[in-house]
Every structure is written in C-alpha cells, then in structure tokens.
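Written out below as structure tokens is the structure these notes cover.
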Amino acid sequence: MASPADLIYRTTGSTILHPLSELLHLSLDQVNFVVCQLIALVTAVWFRIYLSPCHAHTAVRHAFATVLGGYFAIFCFGWYSLHIFTMVLVSYCIMAKARIENVHRYSFVVAMGYLIVCQINRVYIFNYGILSTDFSGPLMILTQKITTLAFQLHDGMAKNLEMLTHEQRQYSVKKRPTFLEHLSYHLNFMSVLAGPCSHFKDYIAFIEGSHIQSKLLDVKLNMNGHYKRPNPSPTVAVFSKLGFCGLMVILFLTFTKAFPFSKIIDDTFISEIPLYMRLIYLYIAIQACKPKYYFAWVLADAVNNAAGYGFNGVDEKGNDRWDLITNLNIWNIEASTSFKMYIDNWNIQTAAWLKRICYDRVPRYRSGMTFLLSALWHGLYPGYYFTFFTGIPMMLAARVVRSNFRHFFVSSKSRKCLYDIVTWMATQLAVCYTVTPFVLLAIEPSVKFYKSVYFYFHIGIFLVLVLLPVKPSKRSQKQPSKQTSPHSANHVKED
C-alpha cells in the first residue's frame, strides 16, 4: 500500500515543485495550484497594463488568456486536463451545430452528464479521491460556464423579450460565439483553476475594453449625467484581498490543523465530552475548515481584479466596487442571523448560477429542484445529500419560526438586539449541524455524528413544521407572483 508521502508525489500534474511541497508539508496539487494562481496574479497585472485593449487587438487578448489558461490546466492536472478540454470542445460543437431551440438542453445534459460521470469515477472507482490530483473543481466551474452561456444564447436567439426577466434580457447573447471567444471564456488563465463563473457578455466586454466604461455609464445615468471621474484602478482592492489571503494562509497552517474535524466522531470524544462542549468544538472545527475556501476564492477574485476584470460601479459613498464576480461576503456569513442569509453570501456566484439556470426556469418545486441540482453539481458523496436534504426543511422551519416570532422583538432596540443574538446562535448551530455530513462525505460517519447529537435539529425541524402555523410573508402578500430563491443572487439580510 502506498504511503501518504508516495501519494503526495504520485500525481498526474507537474512534479517540478515536489521539493517545495515536501518543504511546506503540503500536497503537491495544493502547491501547484497556489503557484499557478500567484503566477496568474503577476501575469494579470502585465495583461492589464501591457496587453490592454488600447495596446493589443481583441483576438490577441483572447488568445493569450486561452493559451496560458490551458497551460495552467496541463501543469496542475496533466493528462486529466483532457477532461477539461474535451468538455470545452464538445460544448462548442453543440453551440455551433445544434438548433438554437435545443442548444440549452443539449449543453446542460452533456455538461452535467460528463461531470457526474467523472464524479462517479472519483467516488466509486478511486474511493473518494483520484491520486492527489482533483480536477473536479475546474470541471464544476466549467459546467457552470457552459450552461450559463447556452441558456443565455437560447434567451437571446430563441425567445421573445416579453418572455424574459430583466436579468435574462440584460445578459442574453444575440449571436453564437466564435471559436476563440468560446475558448477564452472557458479556459482563460484568470478563472480556469478556481473560477468564478461570470456572464459571457461581461467577460467579452472586459476583453474588448468596454467593461469598466459601461459600469461608469450606469453610474452617470443614475446621477442624471453629473458624474465624472477617471478610470478606476484595482490596486487597492487587489492588495486588500491579498492581505486577507495571507491571513487565511496563517490560519490554515495553525488554526485549521489545531482543530481536526474528524475528532467530532471520535468514540472517546463522544463518550467523555458533554454535548454542549461538543457543539462548541463543532462550531470551532467548522470555522477551521473555512480558511482554505476563503483563500482560494478571494485569491481568484484578486487575480481577476488585477487583470482589470470585476469592476461593479461605485457604492453610495463614491468608492469603487470591485465585487462583480466576488464569491464571498465574509461579514454577512459570520454575522448572519438566518439560514438563507448564510447561504446567500457563501459561494455567491454558484448561488447566482443555480438561480439563473434552475430556480428562475423550472415551473414547479423550485426550491427542491434547485437543492437537487446543487447536490448533483457538487458530486455524489452521500454526505452532500445529507446536507442538501437537511437544508430544505431547515430553511422552511426557519421561515416559519421567523414569521411567528420576529414581530414580538422589533418593538424596541433591546429586544431586537436579543433577537439578533439568539438568531445568530441558532443560525450558526443550524449551519454546523447541516454541513457536517458535507465535510465527512460518507454515510457511516454522517449517521454516527447525527446519533451522537441525538438528531436534535431534525427533531426540532419536525416539531416546528407540525406545530407552528405557516404565515405568508409580507413580501409574498405584496408580490404574490414573485418568489424568492433559496439560492438568490440578491443578498438581502433576513432578520
């Protein structure tokens, strides 16, 4: 049987950085990923300054972004990168040859089908992992991009404007993309490894050089034409995000390793530690799992910003906003007082993709279908389905509790403060309880965890849904024709 050290070295990607991985005691795929993202960051600055739209033709920018992105994929995943290239090429054939009335269906089935086959391969053939190289992350982002473009192309070429929502009209694509545009959108070096997924029209506007000006024009129109300012620089945004990434590295190397998640299902820990202490440890262990996600997503955002992509206008104080494709609102995550607020601000671009691809389009059972798609997209680990199918009734129960009790606490600041504290604690416990199987992955440890805490949230959810009356919200009373997605891209706080 191969030792852990052998598995660190045995990778389909490049092994040139193996000495560095041994020095840092990190797996080779992690080192390859971080080094490629740091190279992408430096290259993005050069790309923005020396290969800007005023210095280089659009085709040159597309080609450079594609070639470097393809190299990163090969460097990190070796021959497994063929899966990525295959999906891109097959999706282009569908976009170019399929009838426009069916392009979205074919693209969705092929992209999701290919992803699921690879996930089956990972779970059931390679026993929860493929060597030390996991290409499923880029493949998941690629699936989002393929389906996003396909649906927006269908909206722009096969539907009447009256049939579309405001967002669908805004991002609809009026003509089939060229081969180079298609490659660049899916394989560009800024997002090929860690995303995020963005709208095709936004990306093309960035490559062509109209991205920032269009956002500034929106600001000018909103202020009746009385707004003038120079083009914004991403320098402050990039450095602030890099500083945050540095903090996450420190936390990962210290805090994360100090609180192993596997301890929550340790027999001695369960038998000797009282329940309330185990719940406190669970909260800390969940927090300790976050730095790697925060690091990867914020670094990816910084890479895009460094290239000049991600400008989103200005805020009410006139400060530049570089959050167009941001994946996290960390303050709203850590301070969330509702289950919906938490998931709305975690992996924002995936939530937006689920909304635009599924929730806004399915005729019925919107929440259930959206959660199901989310689970399938994440993979086939049984723990994912424990999490997602606990999350559906969890969200319903939270809405029922809020509609029955919130109005008692908003009459004074002290009561509202108490309400916020209690709902914050309940939300954090609910999230920890729900996502634990997502981390544990397999059935046996997930069931063992729920038994160790006596299924207390499942029982509580059942009692809430059975005993408390379901009251329509004020929003649904005022706008009965509109529904709010559990994965809404509009990150509005729910008290």
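If you check Lys290, Lys257 for being at pLDDT below 90 and out of contact with any Lys or Arg (no Cβ under 7 Å at 6 or more places or on another chain), only one passes: Lys257. When Phe455 is tested against (1) exposed (fewer than 14 other Cβ atoms within 10 Å of the Cβ); (2) modelled with pLDDT of 90 or more, only condition (1) is not met.
The sole residue among Ile94, Ile130 that is at pLDDT 95 or above, closer than 26 Å to Ile74 by Cβ and not aromatic (Phe, Trp, Tyr) is Ile94. Does Val109 qualify as being in a helix (DSSP H, G or I), without any contact (Cβ under 8 Å) to a residue 12 or more places away in the chain and either more than 22 Å from Lys292 (Cβ to Cβ) or not hydroxyl-bearing (Ser, Thr, Tyr) (or both)? It is true that Val109 is in a helix (DSSP H, G or I), without any contact (Cβ under 8 Å) to a residue 12 or more places away in the chain and either more than 22 Å from Lys292 (Cβ to Cβ) or not hydroxyl-bearing (Ser, Thr, Tyr) (or both). Among the residues here, Phe108 qualifies as over 28 Å from Ala307 (Cα atoms), open to solvent by 30 Å² or more (accessible area, probe 1.4 Å) and either modelled with pLDDT of 95 or more or not β-branched (Val, Ile, Thr) (or both). Only one of the numbered conditions (1) among the β-branched types (Val, Ile, Thr); (2) loosely packed, with under 14 Cβ neighbours inside 10 Å; (3) in contact (Cβ under 8 Å) with a residue 60 or more places away in the chain is not met by Val123, and that is (2). Scanning region 357-386 for residues that are under 23 Å from Phe135 (Cα atoms) and among the polar types (S, T, N, Q) gives a single hit, Ser374. It is to be established whether one or more residues within region 146-162 are open to solvent by 70 Å² or more (accessible area, probe 1.4 Å), part of a helix (DSSP H, G or I) and without any contact (Cβ under 8 Å) to a residue 12 or more places away in the chain. Checked region 146-162: at least one residue is open to solvent by 70 Å² or more (accessible area, probe 1.4 Å), part of a helix (DSSP H, G or I) and without any contact (Cβ under 8 Å) to a residue 12 or more places away in the chain. Ser240 falls short on exactly one of the conditions (1) of a type in the set (Ser, Thr, Tyr); (2) assigned to a helix (DSSP H, G or I); (3) open to solvent by 60 Å² or more (accessible area, probe 1.4 Å); (4) modelled with pLDDT under 95, and that condition is (4). The single condition from (1) in a helix (DSSP H, G or I); (2) of a type in the set (Val, Ile, Thr); (3) touching a Pro at 6+ places or on another chain (Cβ under 6 Å) that Ile325 fails is (1). Per the listing Tyr281, Tyr294, Tyr276, the residue uniquely within 15 Å of Cys432 (Cβ to Cβ), of a type in the set (Ser, Thr, Tyr) and open to solvent by less than 60 Å² (accessible area, probe 1.4 Å) is Tyr281. The sole residue among Asn345, Asn304, Asn332 that is in contact with a helix residue (DSSP H, G or I) (Cβ under 9 Å, 6 or more places away or on another chain), among the polar types (S, T, N, Q), open to solvent by less than 20 Å² (accessible area, probe 1.4 Å) and modelled with pLDDT under 95 is Asn345.
Tell me which residues, restricted to region 189-201, are buried (at least 21 other Cβ atoms within 10 Å of the Cβ) and in a helix (DSSP H, G or I). Matches in region 189-201: Phe200 only.
Filter region 285-329 for residues that are within 17 Å of Gly246 (Cβ to Cβ) and among the aliphatic types (A, V, I, L, M); which is nearest to the chain's Cα centre (by Cα)? Top of the filtered list is Leu328.
Among the residues of region 441-452, those that are touching a residue at least 12 places away in the same chain (Cβ under 8 Å) and open to solvent by 50 Å² or more (accessible area, probe 1.4 Å) comprise Ile443, Lys448.
For the subset of region 278-314 comprising residues that are in a helix (DSSP H, G or I) and of a type in the set (Gly, Ala, Ser), which member is nearest to Asp29 (Cα to Cα)? By that ranking, first place goes to Ala296.
The values are calculated or read from the model by the stated rules, or taken from the named source; none is laboratory data. Since the model is a prediction, treat every value here as computed from it, not as a measurement. Positions of Cβ are backbone-derived with ideal geometry, glycine not excepted, and every protein chain shown enters the neighbour counts. Remember, those area values only see protein heavy atoms, side chains included, never the ligands or the DNA or RNA. Shrake-Rupley method; radii C 1.70, N 1.55, O 1.52, S 1.80 Å.
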